[in-house]
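Written out below as structure tokens is the structure these notes cover.
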Amino acid sequence: MPLVRIDALRVDKARLEALGRAVHEALMETIGIPPDDLFQVLVGHDGVNSTLRYGDYLGVHRDEGIVYIAITLRAGRTPDRKRALYRRIAELAEQYAGTEPRNVFVTLTENASIDWSLGNGVAQYVPSSTD
Amino acid sequence: MPLVRIDALRVDKARLEALGRAVHEALMETIGIPPDDLFQVLVGHDGVNSTLRYGDYLGVHRDEGIVYIAITLRAGRTPDRKRALYRRIAELAEQYAGTEPRNVFVTLTENASIDWSLGNGVAQYVPSSTD
Amino acid sequence: MPLVRIDALRVDKARLEALGRAVHEALMETIGIPPDDLFQVLVGHDGVNSTLRYGDYLGVHRDEGIVYIAITLRAGRTPDRKRALYRRIAELAEQYAGTEPRNVFVTLTENASIDWSLGNGVAQYVPSSTD
């Protein structure tokens, strides 16, 4: 279920996929997402036709290695699980893609179970009596 | 009002627009969106500079025909209306764009009436006394 | 903290960045975002591989100068602050990028403080006792 959107600057396909793998494994390890529950949009920006902007907010120095990771998921994870997720994404993004932890930016947007249709035109998490 | 974001892999412009049309007609038919309430970002990914990843979660076999449809809309639609929307998107995506229903992935994110400005710098759904 | 996503059609880099600057200054002026709290994904669409669709909903005539601005931010801004934000974005987008106010479309999505990690794998707004 989580829909993951990753935006990075001037990366090749291998690095994009390494970032995707890092986020997916972190989701599996920290909030129990199954291995095949994999839904990602990975976008590399060329810095001309599309680009990223960033600042040094909160004293974190960021540079063009910045990676924006926006995850939409059902509500219900505890603060501790979310913290574990952030920590693990940063670790694996460094390990798999060479992204420095200071450049790993994550935001979560929660919705409800009825807000998902994972194929076949059905709301799999809240099926109606006739599905 | 709904802002619709569609991401697909290696599609031409005609197929992208067919997907957009499918989602828009489904919104009109099932949750009463007016015809000119059309706001869409349609993105085809080349699989190199940007790409999609997917798995077979919940026993649904997906392939590179996967289409991610992320809709931001005001809160308030009932579960039944949302189910009808998912069903109709899947039907029309197949009819207009040849997308198999198993490859149609939809997620909704709700916000409030005050969270929209549809032009002219005004919050049209909750105007202030001076607008 | 706000993560800003801007989508525009057939724009060059200068115009994309002018739009980004307009939104950022409006956030600073109206809801008190610090100057270095700058996180933006700016995307120009070529109209072929990716494109935007739009209608004249609510009597606002839009054209290919349309700009979609989607802002994710923590909950808590009042309706008046949001109205001020919309107004100022429209003003500055016209001033900096020549975008007509009728073509400025903004939507906000709110989340919670725990839903942000702004680098280093930490939830900066809600640190745990061990961070």
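Just so it is clear, none of the values below were taken in a lab; they were calculated from the coordinates. Note that the structure is a prediction, hence the values are computed from the model and not measured. Counting neighbours? That spans all protein chains shown, and the Cβs are built from the backbone with ideal geometry, glycine included.
On C-alpha positions alone, give me the angle between the axis of helix C:79-97 and the longest principal axis of chain C, in degrees, nearest 10.
50 degrees
What ratio of Cα Rg to 2.2 N^0.38 Å holds for chain B?
1.13
What percent does the relative contact order of chain A come to when contacts are Cα pairs within less than 8 Å and at least six residues apart?
In percent, rounded to a whole number, it is 31.
With axes computed from alpha carbons, what is the tilt in degrees of helix B:13-31 against the longest principal axis of chain B, rounded to the nearest 10 within 0 to 90?
50 degrees
In straight Cα distance, which lysines are under 24 Å from C:Lys13, not counting same-chain residues fewer than 8 positions off?
A:Lys13, B:Lys13
Once you compute Rg and the Kirkwood Rh from C-alpha atoms, what is the Rg to Rh ratio for the range A:71-129?
Ratio value, two decimals: 1.13.
Helix-only estimate, please: 222 nm mean residue ellipticity of chain B, summing -39500 (n - 2.57) across DSSP H runs of length 4 or more and dividing by its residues, to the nearest 500.
So the helix-based figure for chain B works out to -10000 deg cm²/dmol.
Apply the a/c threshold of 1.5 to the C-alpha gyration tensor of the range A:37-82 and tell me whether it is rounded, prolate or oblate.
oblate
How do C:Ser50, A:Ser113 line up, fewest other C-beta atoms within 10 Å first?
By the 10 Å Cβ count, ascending, the order reads A:Ser113, C:Ser50.
Using label points projected 7 Å from each Cα along Cα→Cβ, tell me how many nm separate B:Glu110 and B:Ala75, to one decimal.
0.6 nm
Say a paramagnetic label sat at a point 7 Å from the Cα of B:Lys13, along Cα to Cβ; which residues of the range C:28-53 have their backbone N under 18 Å from it?
C:44-53
Calculate the dipole size of the range B:1-130 relative to its Cα centre from +1 charges on Lys and Arg beta carbons and -1 charges on Asp and Glu beta carbons; express the result in debye to the nearest 20.
So the dipole magnitude of the range B:1-130 works out to roughly 240 debye.
What fraction of the Cα pairs in the range B:1-77, stated in percent, has a spacing above 14 angstrom?
64 percent
Which one, A:His24, A:His61, A:His45, has the greatest fluctuation when you compute a Gaussian network model over chain A with C-alpha springs under 10 angstrom?
A:His61
Give the dimensionless ratio obtained when the Cα radius of gyration of the protein assembly as shown is divided by 2.2 N^0.38 Å.
Normalised by 2.2 N^0.38 Å, the Cα Rg of the protein assembly as shown equals 0.92.
Sort B:Asp7, B:Asp115 so that the residue with the fewest other Cβ atoms within 10 Å of its own Cβ comes first and the one with the most comes last.
B:Asp115, B:Asp7
Counting other beta carbons within 10 Å of each Cβ, put B:Val23, A:Val41 in order, fewest first.
Lowest count first: A:Val41, B:Val23.
Which residue fluctuates most in the GNM of chain B (Cα springs below 10 Å): B:Ile31, B:Ile69, B:Ile89?
B:Ile31
Can you tell me the dipole magnitude for the range A:1-72 around its Cα centre, using point charges on the Cβ only (Lys, Arg +1; Asp, Glu -1), in Debye to the nearest 20?
The dipole magnitude comes to about 180 debye.
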